[in-house]
1. Right, residue 82: modelled with pLDDT under 95, assigned to a helix (DSSP H, G or I), hydroxyl-bearing (Ser, Thr, Tyr) and within 26 Å of residue 23 (Cβ to Cβ) or not?
2. Considering the stretch 59-70 alone, what residues qualify as being surrounded by fewer than 17 Cβ atoms within 10 Å (Cβ to Cβ) and under 12 Å from residue 41 (Cα atoms)?
3. Please find, among 44, 88, 53, the residue that is surrounded by 13 or more Cβ atoms within 10 Å (Cβ to Cβ), of a type in the set (Phe, Trp, Tyr), free of Cβ contacts under 8 Å to residues at least 60 places away in the same chain and assigned by TED's automatic domain parsing to the domain that holds residue 123.
4. Does residue 94 count as part of a helix (DSSP H, G or I) and surrounded by 12 or more Cβ atoms within 10 Å (Cβ to Cβ)?
5. What is the number of the single condition among (1) touching a strand residue (DSSP E or B) at 6+ places or on another chain (Cβ under 8 Å); (2) of a type in the set (Val, Ile, Thr); (3) closer than 25 Å to residue 132 by Cβ that residue 79 does not meet?
6. Looking at the stretch 106-122, which of its residues are surrounded by 13 or more Cβ atoms within 10 Å (Cβ to Cβ), under 27 Å from the mean Cα position of the chain (by Cα) and either in the same structural domain as residue 19 (by TED's automatic domain parsing) or not basic (Lys, Arg) (or both)?
7. Would you be able to say whether some residue in the stretch 123-130 is surrounded by 11 or more Cβ atoms within 10 Å (Cβ to Cβ) and at pLDDT 95 or above?
8. Take the residues in the stretch 66-79 that are in contact with an Asp or Glu (Cβ under 8 Å, 6 or more places away or on another chain) and among the hydrophobic types (A, V, I, L, M, F, W, C); name whichever of them is modelled with the lowest pLDDT.
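The values are calculated or read from the model by the stated rules, or taken from the named source; none is laboratory data. In this text the structure is predicted, and so the values were computed from the model without any measurement. Cβ atoms come from the backbone with ideal geometry, glycine included; neighbour counts cover every protein chain shown.
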Amino acid sequence: MNIELTDREFRLLLDMVYIGNWILNSARGGRRIREYDELESKIFAHCAKNKKFHSLLSIYDGEVLPSAAYENGGIHEAIVDYEDTVFFEILAEELARKDMDFAPINAENFPELAVRIEEYIAEFEENGIENITVEK
């Protein structure tokens with residue numbers, strides 16, 4: 001299979017591959033899904049074919065990896081933005097469901113749930129976690 005990409009498209013593909021592998025493998029510890037690591041290596045190996053991308057590639061122990069320059073070049077800020085959004089969305093839904101005594105969600109109570117979630121999201125957007133307390 002051959003895919004024709006512009007330099008810009010290839011650079012975007014690197015980001016998508018890296019982010020995808022990060023989401024799939026970063027929390028797995030020693031149980032990484034090796035096929036995703038191998039595909040990431042295969043894609044990043046193409047950086048060697050174009051001088052514009054040489055700095056994005058490193059080789060460690062015979063394995064092709066994204067370079068430190070790539071990893072420190074802003075990609076993790078995109079991942080952090082995603083993680084923050086997911087964190088606050090999950091937290092808002094869990095708190096809204098707790099407010100509703102974890103009642104099964106159905107067509108009747110979904111509008112109430114949606115309103116409560118939006119209220120929590122608005123709170124988090126304004127104050128982050130500043131007003132969250134945990135009582136023991």
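1. So residue 82 passes the test.
2. Once the filter is applied, which keeps residues that are surrounded by fewer than 17 Cβ atoms within 10 Å (Cβ to Cβ) and under 12 Å from residue 41 (Cα atoms), the stretch 59-70 yields 59, 60, 62, 63.
3. 88
4. The answer is yes for residue 94.
5. Residue 79 satisfies every listed condition except (1).
6. 113, 114, 117, 119, 120, 121
7. The answer is yes; a qualifying residue exists.
8. Among residues in the stretch 66-79 that are in contact with an Asp or Glu (Cβ under 8 Å, 6 or more places away or on another chain) and among the hydrophobic types (A, V, I, L, M, F, W, C), the one modelled with the lowest pLDDT is 78.
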